[in-house]
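Single-structure report; data block below.
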């Protein structure tokens, strides 16, 4: 049986009187590409924000590689579990902030590209590479570990070459064409050496040719870096082409999940989403 890399158990997120995510249970297995789809406002990005430590869910839990990284119960008492080495639930708890989640092996991109726009392409990747630095506080403070810095620089250049971005290494990130900015954002995520890559509408703003190239790119990096991919996407051609399983949300509630073929034939999905015009 495939390894369960991500498990959401009855995840709920409320903002005042609005329930953005409602009692969601879902699984993502190792080496899969899984899509999370639904109409605008269905709660998809909220799910991503709960997984990555941006939001503390109102209820439910998130487990990664068999270890609970956040849990909350209806009484409203947040139980935050240590996000480094797992030592059990009786431990004094550390908040699962986004940087700790990243160090665990979860990387994400955003619907609106969030590059360091005034930095170069190379600097964007190098900053992310520092998430995996082996140096301690003393050596980082006094710049003693030159070998470590050189290693990260070399690995950043190698990653840019692998992703076809080396020729742009000295370009300011904001000067790149839109499609290359998307590729750079994904490359920056790869620099953190993730096990799970979460893509939030990676094809947003792309034309059909760029979307096709993106689909090929996602499959290539999944295989090359042994990744599991969870993505939010409105482009159904992309979703149906590369996803192995699909979860469908509507008003924060899971209304269907299954293979692309099963989801396409589901009447609830057709009524809620596939039967209306896309607004990617």
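The values are calculated or read from the model by the stated rules, or taken from the named source; none is laboratory data. The model shown is predicted, which means the values in this text are computed figures rather than measured ones. Cβ coordinates were reconstructed from backbone atoms using ideal geometry, including for glycine residues, and neighbour counts include every protein chain displayed.
Summary of values
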{"read-out": "Failed item in (1) assigned to a helix (DSSP H, G or I); (2) touching a strand residue (DSSP E or B) at 6+ places or on another chain (Cβ under 9 Å), with residue 230 passing the rest", "value": "(1)"}
{"read-out": "Every residue from the stretch 174-199 that is over 17 Å from residue 122 (Cβ atoms) and not in a helix (DSSP H, G or I)", "value": "177, 193, 194, 195, 196, 197, 198, 199"}
{"read-out": "Only one of 144, 115 that is modelled with pLDDT of 90 or more, out of contact with any strand residue (DSSP E or B) (no Cβ under 6 Å at 6 or more places or on another chain) and either on the phi < 0 side of the Ramachandran plot or surrounded by fewer than 16 Cβ atoms within 10 Å (Cβ to Cβ) (or both)", "value": "115"}
{"read-out": "Extreme residue, modelled with the lowest pLDDT, among residues of the stretch 76-102 that are under 20 Å from residue 230 (Cα atoms) and surrounded by 15 or more Cβ atoms within 10 Å (Cβ to Cβ)", "value": "96"}
{"read-out": "Conditions (1) more than 30 Å from residue 244 (Cβ to Cβ); (2) exposed (fewer than 14 other Cβ atoms within 10 Å of the Cβ); (3) at pLDDT 95 or above: number failed by residue 169", "value": "(2)"}
